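See structure below.
The values are calculated or read from the model by the stated rules, or taken from the named source; none is laboratory data. Only a predicted model underlies this, so the values are computations on that prediction, with no experimental measurement involved. Glycine also receives a Cβ, built like all others from the backbone with ideal geometry; neighbour counts cover every protein chain displayed. Calculation scope for accessible area: heavy atoms of the full protein, side chains included, ligands and nucleic acids excluded. Shrake-Rupley method; radii C 1.70, N 1.55, O 1.52, S 1.80 Å.
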Amino acid sequence: MNLLVTGGSGFIGSNFIRYLLTETDFNGQIINVDCLTYAGNPENLSDIEARFSDRYVFVKADIAHQEEMAKIFDYYSIDAVCHFAAESHVDRSIAAPDAFIHTNIFGTYTLLELARKRMHHIKRFHHISTDEVYGSLGKNGYFSETSPYQPTSPYSASKAASDHLVRAYFYTYGLPVTLSNCSNNYGPYQFPEKLIPLMILNALAGKPLPVYGDGRNIRDWLYVRDHSAALWTILENGEIGETYNIGGNCEIENIRLVEQICGIIDNHPSLGFDTSRKDLITFVTDRPGHDRRYAIDATKIMADLNWAPKTPIEKGLRETIDWYIENQEWIDRVISGEYRNWIEQHYHF
Ligand code: NAD
Ligand code: DAU
């Protein structure tokens, strides 16, 4: 199998490639296409590139560039696609939606068209999406695969548009697609603009921990390795035309999660802070249109494909915190990029 992975230099994509090559019986070739936005860091996979030089190749390209992508599909004789590439940060989509429309909608459309024109060859097109397409929940209830779409941010609206296009290519042209909508991921290599890595880095540096609004918004947290396992299961056994919701069965209010991170850092054996990191928690202006609660009903993937999340949040958080403590060089390099300019403006770093 020649598997095109888009966005493989980002957080989930790089974890997925690492998982596929080191922990599964996948024996094909991976072609990672990424245009390296601020969030793409090919160093995430430098060891994999060296170790699997015959089965892993990185190509820098924009998924929305039709001619370049056509060359890649043909040169590497692509027969399956796992599509991660996206602009992924809600706050950035509120500040500047353009790139979200370009990559998430036009980029996805470009890939679908290229796949459609090579339909005799393409065995599967898997689209990675988000639970945010379903909008916000009240106190009760869960998102299922049949929940209506009610996106509220430019990010979630662009992902919703891409989901609709992927399904349209299945119904209209018979493109062999599968989709997955998952909850908030966390783990190693996550760009430190997202809640968990931002809080870890700020806590370690003794900087304020900015909690939006009243801090009582709820997210369902999924360890990225568990997500990778779910995606591999879908690629192998997911039914064509189907959508699978993937969740961590782990709903937590933001403020409780931040307190939990502080607690782990306060008691970490290799750190010796005099004061509790909880003293750094600072409530700041809320995100516009901030969705209150997300929660996934993952019954379908659990029943049909025998997948379940395995990592309890305490264990996942400890591993993630340790990874950031042990990878200061990675953090320094990430922070020295465009990240710093943007973060300085928006998070008062
Ligand atoms: P990320 O921002 O860490 O990585 C995105 C990657 O896509 C980067 O490497 C970036 O360079 C690349 N990219 C962006 N635009 C591109 C373009 N035009 N052409 C080629 N490459 C491009 O994102 P992530 O958190 O790893 O998310 C991956 C996917 O999973 C996205 O589709 C996102 O919507 C979805 N998702 C993420 C989460 C989460 O919690 N992070 C949850 C649900 C779904
Ligand atoms: O639900 C899946 C989605 O999860 C993915 O589709 C997105 O790509 C991913 O970024 C994530 O979106 P969120 O907006 O939920 O993630 P974020 O880490 O930005 O925020 C998580 C929660 O924490 C949210 O309620 C906002 C809040 N928050 C976030 C930041 C960055 C804060 O309170 N303070 C912060 O500084």
- Message: I'd like to check something: does segment 163-170 contain any residue that is out of contact with any strand residue (DSSP E or B) (no Cβ under 6 Å at 6 or more places or on another chain), in a helix (DSSP H, G or I), of a type in the set (G, A, S) and at pLDDT 95 or above?
- Response: yes
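Quick check on segment 89-113: of everything there that is within 20 Å of Y171 (Cβ to Cβ) and within 16 Å of ligand 2 (Cβ to nearest atom), which residue is surrounded by the most Cβ atoms within 10 Å (Cβ to Cβ)?
Per the criteria, the residue is T108.
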- Task: Consider P288 carefully, then state whether it is touching a Leu at 6+ places or on another chain (Cβ under 6 Å), touching a residue at least 12 places away in the same chain (Cβ under 8 Å) and farther than 30 Å from P42 by Cβ.
- Result: no
- Message: Any residue at all in segment 209-220 that's assigned to a loop (DSSP other than H, G, I, E, B) and within 15 Å of ligand 1 (Cβ to nearest atom)?
- Response: yes
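Can we say A70 is more than 16 Å from ligand 2 (Cβ to nearest atom), among the small types (G, A, S) and more than 16 Å from the chain's Cα centre (by Cα)?
Yes; evaluated as a whole, the condition is true for this residue.
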- Query: Restricting the first residue to segment 98-114 and requiring it to be touching a residue at least 12 places away in the same chain (Cβ under 8 Å), which pairs with a second residue that is open to solvent by 40 Å² or more (accessible area, probe 1.4 Å) and not hydrophobic (A, V, I, L, M, F, W, C) meet a Cβ separation below 6 Å and a spacing of at least six or different chains?
  - Reply: F100/P154; T110/Q66
- Query: How many of the residues making up segment 233-249 are open to solvent by 20 Å² or more (accessible area, probe 1.4 Å) and under 15 Å from the mean Cα position of the chain (by Cα)?
  - Reply: 0
- Of the numbered conditions (1) in a helix (DSSP H, G or I); (2) away from ligand 1 (no atom under 14 Å from the Cβ); (3) open to solvent by less than 20 Å² (accessible area, probe 1.4 Å); (4) within 23 Å of I265 (Cβ to Cβ), L204 fails exactly one; give the number of that condition. (3)
- Task: Kindly check whether there is at least one residue in segment 164-185 that is within 16 Å of ligand 2 (Cβ to nearest atom), within 30 Å of V334 (Cα to Cα) and among the β-branched types (V, I, T).
- Result: no
- Does G272 fit the bill of being more than 23 Å from G187 (Cβ to Cβ), in contact with a helix residue (DSSP H, G or I) (Cβ under 7 Å, 6 or more places away or on another chain) and not in a helix (DSSP H, G or I)? no
- If you check every pair at least six apart or on different chains, which have Cβ atoms under 7 Å apart with a residue in segment 64-75 that is under 22 Å from I101 (Cβ atoms) first and a residue that is of a type in the set (V, I, T) and part of a helix (DSSP H, G or I) second? A64/T103; A64/T110; Q66/T110; M69/T110
- When segment 114-136 is checked residue by residue, the ones that are surrounded by fewer than 20 Cβ atoms within 10 Å (Cβ to Cβ) and away from ligand 1 (no atom under 16 Å from the Cβ) are R116, K117, R118, M119, H120, H121, K123
- Task: Please find, among A39, A50, A86, the residue that is among the hydrophobic types (A, V, I, L, M, F, W, C), without any contact (Cβ under 8 Å) to a residue 12 or more places away in the chain and open to solvent by 20 Å² or more (accessible area, probe 1.4 Å).
- Result: A50
- Task: Kindly provide the set of residues from segment 206-255 that are within 11 Å of ligand 2 (Cβ to nearest atom) and of a type in the set (D, E, K, R), ordered by number.
- Result: D214, R216, R219, D220, E253
- Among all residue pairs at least 6 apart or on different chains, which show Cβ distances below 7 Å where the first residue, located in segment 251-279, is modelled with pLDDT of 95 or more and the second is of a type in the set (A, V, I, L, M) and open to solvent by 40 Å² or more (accessible area, probe 1.4 Å)? N254/L195; I265/L204; I265/L271
- Query: Which numbered condition trips up P192, out of (1) of a type outside the set (F, W, Y); (2) modelled with pLDDT of 95 or more; (3) open to solvent by less than 10 Å² (accessible area, probe 1.4 Å)?
  - Reply: (2)
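For segment 63-113, name all the residues that are part of a loop (DSSP other than H, G, I, E, B), of a type in the set (S, T, Y) and within 10 Å of ligand 1 (Cβ to nearest atom).
So in segment 63-113, the residues part of a loop (DSSP other than H, G, I, E, B) come out as 63-65, 76-79, 84-89, 96-97.
With the extra rule that they be of a type in the set (S, T, Y), the set shrinks to 76-77, 88.
Result: S88, single match.
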- Message: Tell me whether segment 155-168 contains one or more residues that are touching a residue at least 24 places away in the same chain (Cβ under 8 Å), within 27 Å of I252 (Cβ to Cβ), more than 12 Å from ligand 1 (Cβ to nearest atom) and in contact with a Ser or Thr (Cβ under 8 Å, 6 or more places away or on another chain).
- Response: no
- Item | Positions within segment 289-300 being within 16 Å of ligand 2 (Cβ to nearest atom) and not in a loop (DSSP other than H, G, I, E, B), in sequence order | R293, I296
